[in-house]
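For reference, the structure is listed below as structure tokens.
The values are calculated or read from the model by the stated rules, or taken from the named source; none is laboratory data. Computed from a prediction, not measured in an experiment: that's the story for all the values here. So basically every Cβ, Gly included, is an ideal-geometry build from the backbone, and we count neighbours across all protein chains shown.
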Amino acid sequence: MSVLIKGARLYGEGDPVDVLVADGLISAIGAVEAPEGAEVIEAAGQALLPGFVDLHTHLREPGREDAETIETGSAAAALGGYTAVFAMANTDPVADNAVVVEHVWRRGRETGLVDVHPVGAVTVGLAGEKLAELGTMAKSVAGVRMFSDDGHCVSDPLLMRRALEYSTALNAVVAQHAEEPRLTIGAQAHEGETASRLGYAGWPASAEESIVARDCILAKHAGAKLHVCHVSTAGTVDVLRWAKDRGTEVSAEVTPHHLLLTDERLATYDPVNKVNPPLRTGGDAARLRAALAEGVIDCVATDHAPHPVQDKDTEWAVAKPGMLGLQTALSVVTETMVRTGLLDWRGVARVLSERPAEIAGLPDQGRPLVTGEPANLVLVDPDAEWTVRGVELASLAANTPYEGMRLPGVVTLTLLRGRITAREGKIE
Ligand code: DOR
Ligand code: ZN
């Protein structure tokens, strides 16, 4: 089967071209006649980008299939323009062994909408006490290359040091959820003016920044690769800049919600706005956007965190933290980074596809748009807008903080190895 994408602009730049996809590869670029039987996609005015790669997705399977499954999460990913996602380990049972990571990997393959790469837990049961069998997970058919206790911080410095050392030998990266737990006991929201006024217990910026600083020092010492999950504060940007300047192999992600939303949302008392790390100040969000444009923050990752109504639509203190993200990421990046002039579409390709693929060591994702490369692609209509409705999203849960918002940037086509996975908002 071949697909001819007609009249798209590569990276949203230059003259429109036709792109022929055949046998899973980009087989021709230029003025191309449709071969017999080819599916022709009219793409005038649209931007063709490499398929997006999400380093931070919660697919909830196994264990919380009432919130999301690998199938529904994969559908949300394909509709959002993703061709690969990393499924976090905080499932039930925890993905801290080869059996669970192989299960996740296999279910992803069977679903076939997006490459699902399981993340392995750093510690057994995410308990932070004993290292999980990193080597067994790395050598399993799932080929785990990212380890994280996300949802929890690996707060013991000795365990973190060992995890970094082992992961170097395994050619893997440790992704840290940076939250010093002693500083966030009982925390409900960003520690600052808004939380004090509304009476929420605070989650201080220093709880994130102190762990990021410590881990950068540990990673440099171990000669290891560290990835910092969901950077949320201006101070963390300063720490990352310092660490990168002294040659630390550290990469970092920011979520769409930390780019767009702020702690002023707390005044709604609506737990849809509860997330970990919490929404910060407008000043933090501005610094995160600038750092992403500059490359101090490498990429955008969704932290897609589906929760069913009974866990979310409840009083703030008991509501689970987390927000849907896969189907809205491109639009939030368009709104915060493209419409503001901070990034062009080549920059969007960098932060949503190329850098995350490099960080995770994926050889076939985030590749240049040239002949002979794997056809993991997304077509974006930069000028179209849509209104977000949680119930219309492919996820089983509906906890989007963008409910009712009109956002720019629409994914019109996603191709995984040359096969159409999503088109015009529908799964193929
Ligand atoms: O808001 C969050 N939700 N942050 C995390 O670290 C975990 C995630 C989840 O699993 O729901
Ligand atoms: Zn996290």
Only one of THR57, THR83, THR69 is within 14 Å of ligand 2 (Cβ to nearest atom) and either of a type in the set (Ser, Thr, Tyr) or within 18 Å of the chain's Cα centre (by Cα) (or both), namely THR57
Under 9 Å by Cβ, and 6 or more places apart or on different chains, what pairs join a residue from segment 145-157 that is closer than 13 Å to GLY120 by Cα and polar (S, T, N, Q) with one that is within 9 Å of ligand 2 (Cβ to nearest atom) and assigned to a loop (DSSP other than H, G, I, E, B)? SER148/MET88; SER148/ASN90; SER148/HIS177; SER148/CYS229
Test of understanding: among LEU240, LEU261, LEU218, LEU279, which residue is away from ligand 1 (no atom under 16 Å from the Cβ), under 21 Å from the mean Cα position of the chain (by Cα) and aliphatic (A, V, I, L, M)? LEU240
Hey, which of the strands (runs of 3 or more DSSP E) in segment 1-51, taking only ones fully inside, have at least 3 residues that are closer than 19 Å to TRP345 by Cα? 2-10, 17-22, 47-50
Leading residue by the ranking (nearest to VAL275 (Cα to Cα)) among those in segment 164-212 that are in a helix (DSSP H, G or I) and β-branched (Val, Ile, Thr): THR194
Can you tell me which of ALA317, ALA293, ALA305 is within 16 Å of ligand 2 (Cβ to nearest atom) and either modelled with pLDDT under 95 or over 15 Å from GLU208 (Cβ atoms) (or both)? ALA305
Per the filter on segment 327-339, residues over 19 Å from ASP298 (Cβ atoms) and in contact with a helix residue (DSSP H, G or I) (Cβ under 7 Å, 6 or more places away or on another chain) are GLN327, THR328, GLU335
State all residues of segment 282-308 that are more than 15 Å from ligand 1 (Cβ to nearest atom) and of a type in the set (A, V, I, L, M); if no residue qualifies, say none. ALA285, ALA286, LEU288, ALA290, ALA291, LEU292, ALA293, VAL296, ILE297, VAL300
How many residues are of a type outside the set (Lys, Arg), surrounded by fewer than 19 Cβ atoms within 10 Å (Cβ to Cβ) and within 19 Å of GLU102 (Cβ to Cβ) when one looks only at segment 126-170? 6
Need at least 3 residues that are without any contact (Cβ under 8 Å) to a residue 60 or more places away in the chain and either surrounded by 18 or more Cβ atoms within 10 Å (Cβ to Cβ) or out of contact with any Cys (no Cβ under 8 Å at 6 or more places or on another chain) (or both) per element, so show me which strands (runs of 3 or more DSSP E) inside segment 330-424 make the cut, counting only ones lying wholly within it. 377-387
Counted residues, segment 292-320 - those being more than 22 Å from SER74 (Cβ to Cβ), touching a residue at least 60 places away in the same chain (Cβ under 8 Å) and under 20 Å from the mean Cα position of the chain (by Cα): 2
Within segment 213-234, the residues that are in a helix (DSSP H, G or I) and either acidic (Asp, Glu) or within 16 Å of ligand 2 (Cβ to nearest atom) (or both) are ASP215
So LEU288 passes all but one of these: (1) away from ligand 2 (no atom under 16 Å from the Cβ); (2) of a type outside the set (Val, Ile, Thr); (3) more than 14 Å from the chain's Cα centre (by Cα). Which condition number does it fail? (1)
Scan segment 34-47 and give yes if some residue there is within 16 Å of ligand 2 (Cβ to nearest atom), at pLDDT 95 or above and surrounded by 18 or more Cβ atoms within 10 Å (Cβ to Cβ), otherwise no. no
Out of all the residues in segment 109-137, which are in a loop (DSSP other than H, G, I, E, B) and farther than 16 Å from VAL173 by Cβ? GLY112, LEU113, VAL114, ALA127, GLY128, GLU129, LYS130, GLU133
VAL272 versus (1) more than 16 Å from ligand 2 (Cβ to nearest atom); (2) farther than 17 Å from PRO321 by Cα: which is the lone unmet condition? (2)
